[in-house]
Every structure is written in structure tokens, then in C-alpha cells.
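The values are calculated or read from the model by the stated rules, or taken from the named source; none is laboratory data. No experiment lies behind these values; they were computed from the predicted model shown. All Cβ positions, glycine included, derive from the backbone under ideal geometry; neighbour counts span all protein chains shown. Quick note on the areas: whole protein, heavy atoms, side chains included, nothing else; ligands and nucleic acids left out. Shrake-Rupley method; radii C 1.70, N 1.55, O 1.52, S 1.80 Å.
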Amino acid sequence: MTSLAGPDQPVPPGWRTHQHVQRFVTPAPRERVWAWLVDPATFTDTQIPPWRVEFLGGGFDEGTVTTHHGPGLHLPGVLGEIRDGEYRDLQYLYGAWAVSFRLLRPTRLQIAVADAPGGTEVEVSIDAHVHPRMLRLWALSQRLFWRRFETWTGRAVAA
């Protein structure tokens, strides 16, 4: 039996699995970057209405249920493995979607940090099941969005 969370979700027939990986170095100590990445306020307080992020039953702890929702987006998930100061895993539940459940189904978001020359390397990895006609658009949108995340990270941890 397959899980209904994360990478074990069934791939719809004819769809493709896609993984986008983005790496960048931000000029701040790892402790500061990590603290920002595991602070629920980083995600709950920065959403532009009507989008919203919620954490149920805790903050950034393994097993905490979370959802990111708004027009064109429904991403319920559960926080998986968290290694303090280095790695966090968010596994999206079956039923998560972006744009439409019939087009894009994110399954997992992983973020890792490590010391790097000049600051902290951040690696973001997002997995999704993607309808073939959306594959190129999804790949492009991920490159653009996560470049913005790099900018947001730099601004937030520089303060």
C-alpha cells in the first residue's frame, strides 16, 4: 500500500514526476538562516491576502500539520524529518494541488542549509506530479519563484 503523503503518492497515469532544485548562498550565519526557515511567522506573517499559511498543533515540529491555501493553491501537508540546523522536510498530502488538481500536484518540499564560503548555502527541492502539458510552465515558474525566495531570504536574514 502506498502512503498518501509525500513522495509515495501515486502518479496519475501519463503524468511526469518533476523535481526542481535551487541552491544559493546567502551572506548570513547558518544559525540565523535556519532560525528564519523554521519560524512559522516567516510563512504566516508574509502572505498577501487572500493566501494564507497555517500550522495546526505546533510550530516547526515533526508531525505538525500545515496548509498553504488561497486562489489556485491548496497545499495541505505534514512536517516530516527535521534535523536541527540543517534540514527540514514538508510532505504534501494527497489532494494537494497548484493551479488545478488536474494539472499540478506538489508532493514534497525539502530545505537544507550548510556552511559555505561567504555565508550559508540553502538548497530547496520541490517534487511534484505534473501533467505533461504543464511540465515546461511548471519548471519555469519554479525557477522564477525560488529565485524570489533567494531574495526574500537574503533580505530577512540580513536584518
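May I ask you to list pairs of residues, at least six apart or on different chains, whose Cβ atoms are under 6 Å apart, with the first in region 129-140 being closer than 13 Å to R102 by Cα and the second being assigned to a helix (DSSP H, G or I)?
As it stands, the answer is V130/W138, since those pairs meet every condition given.
Yes or no, residue by residue, for (1) of a type in the set (S, T, N, Q); (2) in contact with a His (Cβ under 8 Å, 6 or more places away or on another chain); (3) part of a strand (DSSP E or B):
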site: P7; (1), (2), (3): no, no, no
site: P10; (1), (2), (3): no, no, no
site: P13; (1), (2), (3): no, no, no
site: Q22; (1), (2), (3): yes, no, yes
site: T42; (1), (2), (3): yes, no, no
site: P50; (1), (2), (3): no, no, no
site: V53; (1), (2), (3): no, yes, yes
site: D61; (1), (2), (3): no, no, no
site: T66; (1), (2), (3): yes, no, yes
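Evaluate region 129-146: report whether one residue or more is among the polar types (S, T, N, Q), assigned to a loop (DSSP other than H, G, I, E, B) and open to solvent by 20 Å² or more (accessible area, probe 1.4 Å).
no
Is at least one residue of region 105-120 under 14 Å from the mean Cα position of the chain (by Cα), closer than 30 Å to P12 by Cα and open to solvent by 40 Å² or more (accessible area, probe 1.4 Å)?
Yes: one or more hits.
As an exercise: evaluate E123 against (1) touching a Lys or Arg at 6+ places or on another chain (Cβ under 6 Å); (2) open to solvent by less than 50 Å² (accessible area, probe 1.4 Å) and give the number of the one condition it does not meet.
Here E123 meets the rest and fails (2).
Look through T42, T26, T2 and report the one residue that is surrounded by 14 or more Cβ atoms within 10 Å (Cβ to Cβ), in contact with a helix residue (DSSP H, G or I) (Cβ under 9 Å, 6 or more places away or on another chain), modelled with pLDDT under 95 and polar (S, T, N, Q).
One residue alone meets the criteria, T42.
Can you pull out the residues in region 75-102 that are of a type outside the set (A, V, I, L, M), assigned to a loop (DSSP other than H, G, I, E, B) and open to solvent by less than 40 Å² (accessible area, probe 1.4 Å)?
Listed by number, the residues that qualify are G85, G95, S100.
State all residues of region 45-74 that are open to solvent by less than 40 Å² (accessible area, probe 1.4 Å) and among the β-branched types (V, I, T); if no residue qualifies, say none.
Within region 45-74, V53, T64, T66, T67 meet the criteria.
Looking at region 5-39 only, could you name the residues that are closer than 15 Å to L109 by Cα and not polar (S, T, N, Q)?
If the condition is that a residue be closer than 15 Å to L109 by Cα and not polar (S, T, N, Q), then A5, G6, P7, D8, H18, H20, V21, R23, L37, V38 are the ones that fit.
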